[in-house]
Each structure stands twice: as C-alpha cells, then as structure tokens.
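These notes are about the structure you will find just below.
The values are calculated or read from the model by the stated rules, or taken from the named source; none is laboratory data. Predicted, not measured: the structure shown is a model, and the values here were computed from it. Heads up, the Cβs are rebuilt from the backbone with ideal geometry, glycines too, and the neighbour counts pull from every protein chain shown.
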Amino acid sequence: MYNLIIQILAGLFCGLVLGITGFAPTNLVLFALTYFNIGTFKSDIGSLLFINLFPISIGSVIQFYKEKQINFKMSFILLITIIIGSYLGTKLVFNKKYSLSTKTIKYIISFIGFLIGFIYLYTGIYDIN
C-alpha cells in the first residue's frame, strides 16, 4: 500500500511538472522510486520507459496545439532520432561484453541533471530567451 501511495503521488507531481515545464517526468519519478527503494534501479528505468510508450503529455499537447505552439516538422525529426538514440543507449546498458553498472548510470543521470540545472539557472539569471 505504501509503494502504491508513493507511486500515485510521484505520478501526480511529475504530471504537473510535465505540464508546466515540458520536462519528461521520468527523472523525477526515477528519483522518487530510488529514494523510497521501490524496485531495482534498472527495473525502475524499464518501467519508466514503458510509460513513455503512451502519450503521457496528451493534455499538455492539446493546449499547446490550441495556442499554435507546436513545430510539427521539428517534432517528427526529434521523435525519429530519439527512437534511434534510445535503442542505441539501451544496447549500451545491456551489452554482453560491457554493460553499464547502476553506479555509472547514476553518474550519467546526475551529470546531465546538473548540466541542465546550470544552463537553466544561467539563462534565468541573464534573462536569455
């Protein structure tokens, strides 16, 4: 029951963040699942990848469409290249000769999170569009 409550709260919070910022909520959900020790790290990643198969941002997309704020050409280019990149990235995680450890994956996530946070902080301070 405890795990279910944490999952529901994490999902609601991350959905709000998705609608406000456009950030995919997977990093936030992954943090919550890891912090509350729900599942193994790699199974948590697999579960989050599964939810990305569904149009989790459909509510936000409808509103952005109404406001004519979607570049469809760019969206399709990104969609196809992200599909290819995610396949190649998964091959690195489960490579038979060299598999990325949970520790290495956490380092990669933390570095990317720090970099994104720093960039947004910098652009916010200097009011860069």
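Considering each residue of the range 110-123 in turn, none proves to be at pLDDT below 85, surrounded by fewer than 12 Cβ atoms within 10 Å (Cβ to Cβ) and within 17 Å of the chain's Cα centre (by Cα). Flag not set for ILE51, criterion: modelled with pLDDT of 85 or more and in contact with a helix residue (DSSP H, G or I) (Cβ under 8 Å, 6 or more places away or on another chain). When you look at ILE20, is it β-branched (Val, Ile, Thr), out of contact with any strand residue (DSSP E or B) (no Cβ under 6 Å at 6 or more places or on another chain) and exposed (fewer than 10 other Cβ atoms within 10 Å of the Cβ), yes or no? Yes: the conditions hold for ILE20. For beta carbons closer than 7 Å, sequence separation of 6+ or different chains, a first residue in the range 1-22 that is over 19 Å from GLN69 (Cα atoms) and a second that is aromatic (Phe, Trp, Tyr), the qualifying pairs are ILE6/PHE36.
Taken over the range 98-109, the residue count meeting the criterion of being at pLDDT below 85 and exposed (fewer than 10 other Cβ atoms within 10 Å of the Cβ) is 1. All of LEU92, LEU49, LEU28, LEU33 fail the test of being touching a residue at least 12 places away in the same chain (Cβ under 8 Å), closer than 19 Å to LYS106 by Cβ and surrounded by fewer than 14 Cβ atoms within 10 Å (Cβ to Cβ), apart from LEU49. Of all the listed residues (LEU4, LEU18), the sole one being farther than 20 Å from ILE108 by Cα, out of contact with any helix residue (DSSP H, G or I) (no Cβ under 7 Å at 6 or more places or on another chain) and among the aliphatic types (A, V, I, L, M) is LEU4.
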